[in-house]
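K.L.:
Okay, here's the structure, questions in a sec.
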Amino acid sequence: MSSNDILLQVEGLTKHFPTNNGVVKAVDGVSFDVKRGTIVGLVGESGSGKTTAGRCTLRLIEPSAGRLMFDGVDLRTLSEREMRVYRRRLQIVFQDPYSSLNPRLRVEDIIGEAIDTHGLAKGTARRDRIAELLSRVGLNPDHARRFPHEFSGGQRQRIGIARALAVEPEFIVADEPVSALDVSVQAQVLNLIQDLQQSFGLTMLFIAHDLSVVEYLCDEVVVMYLGRVMEKGPSRSIYAKPRHPYTQALLSAAPIPDPKASRQRVVLKGDIPSPMNPPSGCVFRTRCPFAIAECAQVVPAFDTVGPEHQVACIRHGDPEVISQGQQL
Amino acid sequence: MSELPADIVLRVDDLRTHFEAGDRVAKSVDGVSFDVRRGETVAVVGESGSGKSVTSLSIMRLLSAPGRIVGGDILYRASDDRVLDLAKLPEKAMRGIRGREIAMIFQEPMTSLNPLYTIGDQIMEMVQLHEPVSRAEARRRAKRMLELVEIPAADRRLDEYPHQMSGGMRQRAMIALALACNPKLLIADEPTTALDVTIQAQILDLLRRLQAEIGMSILFITHNLGVVAEIAHDVVVMYAGRVVEKASVDALFDNQKHPYTRGLLACIPNATRDRAPTGERMRLNPIPGSVPSILALPAGCSFAPRCSLVTSECESNPSLLVAGPDHLSRCWRHETL
């Protein structure tokens, strides 16, 4: 695959938040590529830094370090003014469809605001565009003058998606867009996301903690833990043969809706450590069933274990680790 | 005194809990019945607005106005083998039941623990409220409880405040508090929903282990069918205030006899089923529409407007029909499934 196929290249992305008690290393040297027209899943538990990383890629949070190569330009080198042009190409859909829509605005103004900001349409054209967007996301265009509270959670999420689409973006960060929805409604929104991705050729970074949603929806997966990437690669390869002990534990912990499913469960001890004081060496070692003394000394580098499949663990080649990954 | 088979700890029978405001009545729980057997776990599954949480609050008699139980029985077999109807028990007697006989844990431990008291103080208060023990003995009990739920350094943790603990630790502390007086029934309302999957796995393991050791019964409220498969013996599926399907966990996952349950399972993404061998994604099969408002339920079967099997028969509401051995379904067409 040539580098032209990569729309977004994140390199060494870092975000440190200084606090009175020390520095919170929310994101610490994260690198991954997003190929044009694909959906990349960013997974991890709370505190893994996945949301911060997602927002940093759009400079909604200003990164502390790293490069954000978007279509050949490092977004971090752009001035606010220059960035505005790019904002049209980069959009975000938020998790909570209740707090991410202004309750005082009508739907037509929520969507219209984006159109106005970028001067894309006026008058009748603007109205037509809003109506078209609403029907595109499966809402009744006649409801454009309604307020957010008149819609259900799933419908609001559709409004949030219509708002993101209003400026015809190329790249969308979707931050847990279905987590707040009822299961029966989740599937509707996932179908919509797929339809839109295909018909608009969208590229997406899909942030989620629901591993079955990610396995289904995403072409590639990046697994984060405590601000760092543990493993990344094509989702089929990662779900079939997870090579990092953390990915293995995460996949084995996800409940399967089948009481007869036999499975080897890796139950991790304890909780995720504080990002203020992450463990030395490999940040996962304090909960890792395979940790050895050396894990405290070196930050593991990425090793390639399959086509585009990379893992950051010094013991990934150990027969014990490999066999645990195969038993899941 | 009402009769209750010896192995049944709790029998909810035709429970009706309504919320009345002016001339509007929300029938949040509309004729719900199920049994919880000794030492077993019953999962109540449903989406938002299904009435699952109101059912659990009704059992604990923790409803806030204008919600009230307007009909039905909640038969509970107490430790002294008396059978009590909790739906009609005076509030004073109910206070002897809560915590001591039936305990409850909630989704967000931070809001159910008192932020101003240490974990130790809260467990000790609970023990001393129900049992005539000294402070020193209560503290020993509290420490034993923290050890039971596998909180490391229990002695030190006793003197910590809820905010000093992580989400998983707080849920463990909450469970320790709930089990301090050795209740026979634990009601767990979405206890792992706010937790990460690795922590959720720990808590489910813990509940299973405690159940095996102590023999308590669990009423587990959840929206997550994956969790149901892991923890339940029996399953009650609720929709819009009513039970729509009831079966053992194996029977339910083997063969759903209600289109709603079937639809719920079909719309959880499953890469093995929903992606072609080439990796291509196939479309998911969502249930169309959304959960109806409890104030504007359709006449007849509440699920009919979203159901693909709907016929004219569905204009009248079916009762729970026998769909197999110990398998009930509120669907006229369960035989076609």
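K.L.:
Of A:Ser79, A:Ser64, which residue is surrounded by fewer than 21 Cβ atoms within 10 Å (Cβ to Cβ) and in contact with a strand residue (DSSP E or B) (Cβ under 7 Å, 6 or more places away or on another chain)? Lay out the reasoning, then the answer.
P.N.:
Details: A:Ser79 fails: in contact with a strand residue (DSSP E or B) (Cβ under 7 Å, 6 or more places away or on another chain).
Criteria check complete, one pass: A:Ser64.
K.L.:
With respect to the numbered conditions (1) in contact with a strand residue (DSSP E or B) (Cβ under 8 Å, 6 or more places away or on another chain); (2) over 29 Å from B:Ile187 (Cβ atoms); (3) away from chain A (no Cβ under 12 Å), which one is the sole condition not fulfilled by B:Leu295?
P.N.:
(2)
K.L.:
Determine if the stretch B:164-184 includes at least one residue that is assigned by TED's automatic domain parsing to the domain that holds B:Glu147 and under 18 Å from A:Asp210 (Cβ atoms).
P.N.:
Checking the stretch B:164-184: at least one residue is assigned by TED's automatic domain parsing to the domain that holds B:Glu147 and under 18 Å from A:Asp210 (Cβ atoms).
K.L.:
Looking at the stretch A:272-326, which of its residues are acidic (Asp, Glu), outside any loop (DSSP other than H, G, I, E, B) and at pLDDT below 95? Before you say what the answer is, go through the steps one by one.
P.N.:
The first filter runs over the stretch A:272-326 and keeps only residues acidic (Asp, Glu), leaving A:294, A:303, A:308, A:318, A:320.
Going one step further and asking which of them are outside any loop (DSSP other than H, G, I, E, B), we end up with A:294, A:303, A:320.
Matches in the stretch A:272-326: A:Glu320 only.
K.L.:
Would you check which residues across the stretch B:205-229 are closer than 18 Å to B:Met104 by Cβ, buried (at least 21 other Cβ atoms within 10 Å of the Cβ) and among the aliphatic types (A, V, I, L, M) and list them? Spell out how you get there, then give the answer.
P.N.:
Filtering the stretch B:205-229 down to residues closer than 18 Å to B:Met104 by Cβ leaves B:206-207, B:210-211, B:214, B:216-223, B:227.
Subset that is buried (at least 21 other Cβ atoms within 10 Å of the Cβ): B:207, B:216-222, B:227.
If the condition is that a residue be closer than 18 Å to B:Met104 by Cβ, buried (at least 21 other Cβ atoms within 10 Å of the Cβ) and among the aliphatic types (A, V, I, L, M), then B:Leu207, B:Met216, B:Ile218, B:Leu219, B:Ile221, B:Val227 are the ones that fit.
K.L.:
If you don't mind, another one. Looking at (1) away from chain B (no Cβ under 13 Å); (2) over 20 Å from A:Val222 (Cβ atoms), which one does A:Val283 not meet, given that it meets all the others?
P.N.:
The one condition A:Val283 does not meet is (2).
K.L.:
Just need a number here: residues in the stretch A:177-194 that are facing chain B (nearest Cβ under 9 Å) and farther than 16 Å from B:Pro288 by Cα.
P.N.:
1
K.L.:
Now a separate question. With (1) outside the structural domain of A:Ser280 (by TED's automatic domain parsing); (2) surrounded by 19 or more Cβ atoms within 10 Å (Cβ to Cβ); (3) at positive phi as the list, and A:Gly138 as the residue in question, which single condition is left unmet?
P.N.:
A:Gly138 satisfies all of (1) outside the structural domain of A:Ser280 (by TED's automatic domain parsing); (2) surrounded by 19 or more Cβ atoms within 10 Å (Cβ to Cβ); (3) at positive phi except (2).
K.L.:
So, in the stretch B:150-163, of the ones that are buried (at least 19 other Cβ atoms within 10 Å of the Cβ) and within 14 Å of chain A (Cβ to nearest Cβ), which residue ends up nearest to B:Gln202 (Cα to Cα)?
P.N.:
Quick first cut of the stretch B:150-163, residues buried (at least 19 other Cβ atoms within 10 Å of the Cβ) only: B:151, B:154, B:157-158, B:162.
Filter once more, so that each one left must be within 14 Å of chain A (Cβ to nearest Cβ): B:151, B:157.
Working: B:Ile151: 12, B:Arg157: 19 Å.
Residue satisfying both the conditions and the ranking: B:Ile151.
K.L.:
Can you find a residue in the stretch A:89-109 that is more than 14 Å from chain B (Cβ to nearest Cβ), basic (Lys, Arg), under 23 Å from A:Lys50 (Cα atoms) and within 27 Å of the chain's Cα centre (by Cα)?
P.N.:
Among the residues of the stretch A:89-109, at least one is more than 14 Å from chain B (Cβ to nearest Cβ), basic (Lys, Arg), under 23 Å from A:Lys50 (Cα atoms) and within 27 Å of the chain's Cα centre (by Cα), which makes the answer yes.
K.L.:
Given the options A:Ala166, A:Ala174, name the one that is touching a residue at least 24 places away in the same chain (Cβ under 8 Å) and either within 12 Å of chain B (Cβ to nearest Cβ) or over 29 Å from A:Gly29 (Cα atoms) (or both).
P.N.:
A:Ala166
K.L.:
From the residues in the stretch B:116-139 that are in a helix (DSSP H, G or I) and touching a residue at least 24 places away in the same chain (Cβ under 8 Å), which one is surrounded by the most Cβ atoms within 10 Å (Cβ to Cβ)?
P.N.:
Looking at residues that are in a helix (DSSP H, G or I) and touching a residue at least 24 places away in the same chain (Cβ under 8 Å), I get B:Ile119.
K.L.:
Working carefully through the options B:Ala142, B:Ala188, B:Ala176, find the one that is closer than 30 Å to B:Glu47 by Cα, in a helix (DSSP H, G or I) and away from chain A (no Cβ under 14 Å). Please lay out each step first, then the result.
P.N.:
Details: B:Ala142 fails: closer than 30 Å to B:Glu47 by Cα; B:Ala188 fails: in a helix (DSSP H, G or I).
B:Ala176 is the lone residue from the list that is closer than 30 Å to B:Glu47 by Cα, in a helix (DSSP H, G or I) and away from chain A (no Cβ under 14 Å).
K.L.:
Could you please find all residues in the stretch A:217-263 being acidic (Asp, Glu) and more than 9 Å from chain B (Cβ to nearest Cβ)?
P.N.:
A:Glu220, A:Glu231, listed by residue number.
K.L.:
OK, next. Taking B:Ile294 as the residue in question, decide whether it is part of a strand (DSSP E or B) and in contact (Cβ under 8 Å) with a residue 60 or more places away in the chain.
P.N.:
No.
K.L.:
Specify which of the listed residues (B:Ala276, B:Ala323) is among the hydrophobic types (A, V, I, L, M, F, W, C) and either more than 28 Å from the chain's Cα centre (by Cα) or surrounded by fewer than 21 Cβ atoms within 10 Å (Cβ to Cβ) (or both). If you could, list the steps in order and put the result at the bottom.
P.N.:
On the way: B:Ala323 fails: either more than 28 Å from the chain's Cα centre (by Cα) or surrounded by fewer than 21 Cβ atoms within 10 Å (Cβ to Cβ) (or both).
Of the residues listed, the single one that is among the hydrophobic types (A, V, I, L, M, F, W, C) and either more than 28 Å from the chain's Cα centre (by Cα) or surrounded by fewer than 21 Cβ atoms within 10 Å (Cβ to Cβ) (or both) is B:Ala276.
K.L.:
Here are the criteria: (1) polar (S, T, N, Q); (2) free of Cβ contacts under 8 Å to residues at least 12 places away in the same chain; (3) outside the structural domain of A:Cys56 (by TED's automatic domain parsing). Tell me which single one A:Ser152 does not satisfy.
P.N.:
With respect to (1) polar (S, T, N, Q); (2) free of Cβ contacts under 8 Å to residues at least 12 places away in the same chain; (3) outside the structural domain of A:Cys56 (by TED's automatic domain parsing), A:Ser152 is out only on (2).
K.L.:
Got at least one residue in the stretch B:38-47 being farther than 18 Å from B:Leu185 by Cβ and among the polar types (S, T, N, Q)? Explain how you work it out, then say what you get.
P.N.:
So the first thing to find is which residues in the stretch B:38-47 are farther than 18 Å from B:Leu185 by Cβ, and the list is B:45-47.
Applying the additional criterion that residues be among the polar types (S, T, N, Q) yields none.
No, the stretch B:38-47 contains no residue that is farther than 18 Å from B:Leu185 by Cβ and among the polar types (S, T, N, Q).
K.L.:
Out of A:Pro257, A:Pro279, A:Pro273, report the one residue that is free of Cβ contacts under 8 Å to residues at least 12 places away in the same chain and either crowded, with 24+ Cβ neighbours inside 10 Å or in contact with a helix residue (DSSP H, G or I) (Cβ under 7 Å, 6 or more places away or on another chain) (or both). Give the derivation first.
P.N.:
On the way: A:Pro279 fails: free of Cβ contacts under 8 Å to residues at least 12 places away in the same chain; A:Pro273 fails: free of Cβ contacts under 8 Å to residues at least 12 places away in the same chain.
Exactly one residue qualifies, and that residue is A:Pro257.
K.L.:
Now a separate question. A:Ser100 versus (1) surrounded by fewer than 18 Cβ atoms within 10 Å (Cβ to Cβ); (2) at pLDDT below 95: which is the lone unmet condition?
P.N.:
Here A:Ser100 clears every test but (1).
K.L.:
Right, another one. Return a yes/no flag: does the stretch A:199-216 have any residue that is buried (at least 20 other Cβ atoms within 10 Å of the Cβ), within 20 Å of A:Ile172 (Cα to Cα), within 8 Å of another protein chain (Cβ to nearest Cβ) and β-branched (Val, Ile, Thr).
P.N.:
Among the residues of the stretch A:199-216, at least one is buried (at least 20 other Cβ atoms within 10 Å of the Cβ), within 20 Å of A:Ile172 (Cα to Cα), within 8 Å of another protein chain (Cβ to nearest Cβ) and β-branched (Val, Ile, Thr), which makes the answer yes.
K.L.:
Then there's this: Taking only the stretch B:247-260 into account, find how many residues are crowded, with 24+ Cβ neighbours inside 10 Å and either closer than 26 Å to A:Leu251 by Cα or within 14 Å of the chain's Cα centre (by Cα) (or both).
P.N.:
Total satisfying the criteria: 1.
K.L.:
Scan the stretch B:262-279 for residues that are touching a helix residue (DSSP H, G or I) at 6+ places or on another chain (Cβ under 7 Å) and part of a loop (DSSP other than H, G, I, E, B) and report the count. Spell out how you get there, then give the answer.
P.N.:
Residues of the stretch B:262-279 that are touching a helix residue (DSSP H, G or I) at 6+ places or on another chain (Cβ under 7 Å), as a first pass: B:263-265, B:267-271, B:274-275, B:279.
Checking which are part of a loop (DSSP other than H, G, I, E, B) leaves us with B:267-270, B:279.
Total meeting the criteria: 5.
K.L.:
Another question about this same structure. Could you check the stretch B:197-226 and list, in sequence order, the residues that are free of Cβ contacts under 8 Å to residues at least 24 places away in the same chain and more than 21 Å from B:Glu147 (Cα to Cα)? Working first, answer last.
P.N.:
Just the residues of the stretch B:197-226 that are free of Cβ contacts under 8 Å to residues at least 24 places away in the same chain, to begin with: B:197-198, B:201, B:205, B:208-209, B:212-213.
Passing the criteria: only B:Val197.
K.L.:
Run A:Phe32 past the list (1) surrounded by fewer than 17 Cβ atoms within 10 Å (Cβ to Cβ); (2) touching a residue at least 40 places away in the same chain (Cβ under 8 Å); (3) of a type outside the set (Val, Ile, Thr); (4) in contact with a strand residue (DSSP E or B) (Cβ under 6 Å, 6 or more places away or on another chain) and report the number of the one that doesn't hold.
P.N.:
(1)
K.L.:
Can I ask one more? Residues being part of a loop (DSSP other than H, G, I, E, B) and within 12 Å of chain A (Cβ to nearest Cβ): count how many of those fall in the stretch B:228-261. Can you show your working first?
P.N.:
Taking the stretch B:228-261 as the starting set, the residues that turn out to be part of a loop (DSSP other than H, G, I, E, B) are B:232-233, B:240-241, B:255-258.
Restricting the remaining residues to those that are within 12 Å of chain A (Cβ to nearest Cβ) gives B:232-233, B:256.
Qualifying residue count for the region: 3.
K.L.:
Still on this structure: Among what's in the stretch B:214-242 and is hydrophobic (A, V, I, L, M, F, W, C) and more than 13 Å from the chain's Cα centre (by Cα), pick the residue that is modelled with the lowest pLDDT. Outline the logic, then answer.
P.N.:
Going through the stretch B:214-242, the residues hydrophobic (A, V, I, L, M, F, W, C) turn out to be B:214, B:216, B:218-221, B:225, B:227-229, B:231-232, B:235-238, B:240.
Now drop any that are not more than 13 Å from the chain's Cα centre (by Cα), which leaves B:214, B:216, B:229, B:240.
Details: B:Ile214: 90, B:Met216: 95, B:Ala229: 95, B:Ala240: 94.
Checking each candidate, the answer is B:Ile214.
K.L.:
Picking from B:Ala240, B:Ala232, which residue would you name as being buried (at least 20 other Cβ atoms within 10 Å of the Cβ), at positive phi and in contact with a Phe, Trp or Tyr (Cβ under 9 Å, 6 or more places away or on another chain)? Working first, answer last.
P.N.:
On the way: B:Ala232 fails: at positive phi.
Selected residue: B:Ala240, the only one of B:Ala240, B:Ala232 that is buried (at least 20 other Cβ atoms within 10 Å of the Cβ), at positive phi and in contact with a Phe, Trp or Tyr (Cβ under 9 Å, 6 or more places away or on another chain).
K.L.:
Identify, please: which residue in the stretch B:215-227 is closer than 27 Å to B:Arg306 by Cα and assigned to a strand (DSSP E or B) and is, among those, farthest from the other protein chains (Cβ to nearest Cβ)? Walk me through it before giving the result.
P.N.:
Quick first cut of the stretch B:215-227, residues closer than 27 Å to B:Arg306 by Cα only: B:220-227.
This time we only want the ones that are assigned to a strand (DSSP E or B), so: B:220-222.
Details: B:Phe220: 12, B:Ile221: 15, B:Thr222: 10 Å.
Residue satisfying both the conditions and the ranking: B:Ile221.
The values are calculated or read from the model by the stated rules, or taken from the named source; none is laboratory data. No experiment lies behind these values; they were computed from the predicted model shown. Methodologically, a virtual Cβ is constructed for each residue, glycine included, from the backbone with ideal geometry; neighbour enumeration extends over all protein chains shown.
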